[in-house]
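Report on the structure given below.
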C-alpha cells in the first residue's frame, strides 16, 4: 500500500516503511583540507601570517591539531589562488603582492566604491533608504573610531571593510555588492599593510563620505569616495616600492 510521505517534494508516494524515491541530499561537511585552507587564508588576510612569511607545515599542523597532509593540501589550494607561493625545496611562503597587483585591485575598487557612494546618496535623496541600514552605517563608523583609538590593527581592517560594505548595502544594488565582494578579500589583505598608518586620515575621510551620502549629495559622495580609495592605493604603492613588494 502506498502512503503519502509528508514534507517530501510534490507529496511523493512511497511504500510504507520505505524511503521516498526523491529526497534532499544530506550536506556533507567540507573536506579537512578545505577547512584548513579557509583558516590559513583568514590568518593571511588578518595579518597573522604577513607577506613573505614561511609557514612551516609541522608547526601549522601542531597548531591546528591536524596531520601534515591536510596542511600540505591546503597550502597547495592557497597557492592556486595566489595566497601563497610554493618554492621547490623550500616550501610555502605567503605571497607578497607586486605593485602591479596592488594597483589593479585598488583601481577597480575606486571605480566600484565611488559608484556605491553615489548610488547610496541617491537612495537617501529619493527617500528610499532603509533606516536600519543608515543606523548600521553610523554604528560601524563609531566602532571603527574606537578600534582606531585602541590601535587594534586587525579590528581596524575589519571595521574598514564593514563600513564600505554598509555603504554598498545602502544602495540596494545586489550586482554592485557582488562585484565588490569579488575583490574585498584582496582589499582587506593589502590594506592591512597600511591600516594603522592610514587609520586617522582614513576615518576622517569616511566621515566626509558619510556626511555627503546622508545629505543626498551624490556627486560629492562619489568624488570623496574616489579620493579616499585613491589615497589608500597611493599609500600601498609607496610602501610596495619601498620594500614590501617587488614588481615582477
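Which residue, 170, 237, 60, has the most motion in a Gaussian network model of the chain that connects Cα atoms within less than 10 Å? Among 170, 237, 60, the largest GNM mean-square fluctuation belongs to 60.
One equal scatterer on each Cα of region 49-114, no solvent, Debye formula: the resulting log10 I(q)/I(0) at q = 0.11, 0.12, 0.19, 0.28 Å⁻¹ is -0.35, -0.40, -0.76, -1.21. Between 218, 63, 232, find the one with the highest GNM mean-square fluctuation for the chain; connect C-alpha pairs within less than 10 Å. Highest fluctuation of the listed residues: 63.
Note on the chain: with a GNM built from Cα contacts shorter than 10 Å, the maximum mean-square fluctuation among 65, 235, 177 falls on 65. Between rounded, prolate and oblate, where does region 99-244 land on the alpha carbon gyration tensor, with a ≥ b ≥ c its root eigenvalues, rounded for a/c under 1.5, else prolate if a/b exceeds b/c? Prolate, since a/c reaches 1.5 and a/b exceeds b/c.
Quick check: from the Cα gyration tensor, does region 131-191 come out rounded (a/c under 1.5), prolate or oblate? The shape class here is oblate. How large is the helix-only mean residue ellipticity at 222 nm for the chain, computed as the sum of -39500 (n - 2.57) over DSSP H runs with n ≥ 4, divided by its residue count, in deg cm²/dmol to the nearest 500? Estimated from H runs of four or more residues: -22000 deg cm²/dmol.
For percent of Cα pairs over 31 Å apart, computed directly from the structure shown, the correct entry in (i) 23; (ii) 28; (iii) 41 is (iii).
Quick note: the coordinates plus some simple rules give every number you see, no bench work behind them. In this text the structure is predicted, and so the values were computed from the model without any measurement.
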